[in-house]
Amino acid sequence: MSRRTPLPAWVLTRRSALGHRIAALRGAAGMSQDQLAELAGLERRSIQRYEGAVRDPRYSDQLLISRALNVTVAQLTEEE
């Protein structure tokens, strides 16, 4: 399903920042994408898409990822 209107540039920028944040926290935890996916109960391809800013993680996926990384959702999504 596609959107009726394109996403604003600031949303795409935040999506990219979130992807980089997930990747950075995963790296700091010494995890591979496979390991994060396993701990979060997600597909590795989903982690790749989130980190690559191809897709937005649903809130439930943010909850699962943050728990697997031992951070809060606020820490996961904080702006730098």
Given charges at Cβ of Lys, Arg, Asp, Glu: the chain dipole, positive-most of Ser60, Ala23, Thr72:
Ser60
Taking only Cα atoms, what is the 0 to 90° angle, nearest 10, from helix 9-28's long axis to the longest principal axis of the chain?
10 degrees
Expected output is a single nm value to one decimal: the length gained when fully extending between Ala17 and Thr5, i.e. 0.36 nm times separation in residues minus the C-alpha distance. What is it?
2.2 nm
How large is the accessible surface per residue of the chain, computed with a 1.4 Å probe and reported in Å² as a whole number?
70 Å²
Go through the range 19-76 and name the trypsin sites (Lys or Arg not before Pro) that are in a DSSP coil and have 13 or fewer other Cβ atoms within 10 Å of their Cβ.
Arg58
Per principal axis, descending, Cα span of the chain in whole Å:
37, 28, 18
Once you charge only the Cβ atoms, +1 for Lys and Arg and -1 for Asp and Glu, what is the size of the charge dipole of the chain about its Cα centre, to the nearest 20 debye?
340 debye
Out of the total accessible area of the chain (probe 1.4 Å, heavy atoms of protein only), what percent is carbon and sulfur?
50 percent
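The values are calculated or read from the model by the stated rules, or taken from the named source; none is laboratory data. Fair warning: this is a prediction, and the values are worked out from it, not measured in the lab. Ideal geometry is used to build each Cβ from the backbone, glycine not excepted, and the neighbour counts take in all protein chains shown. Surface accessibility is based on the protein's heavy atoms, side chains included, excluding ligands, DNA and RNA. Shrake-Rupley method; radii C 1.70, N 1.55, O 1.52, S 1.80 Å.
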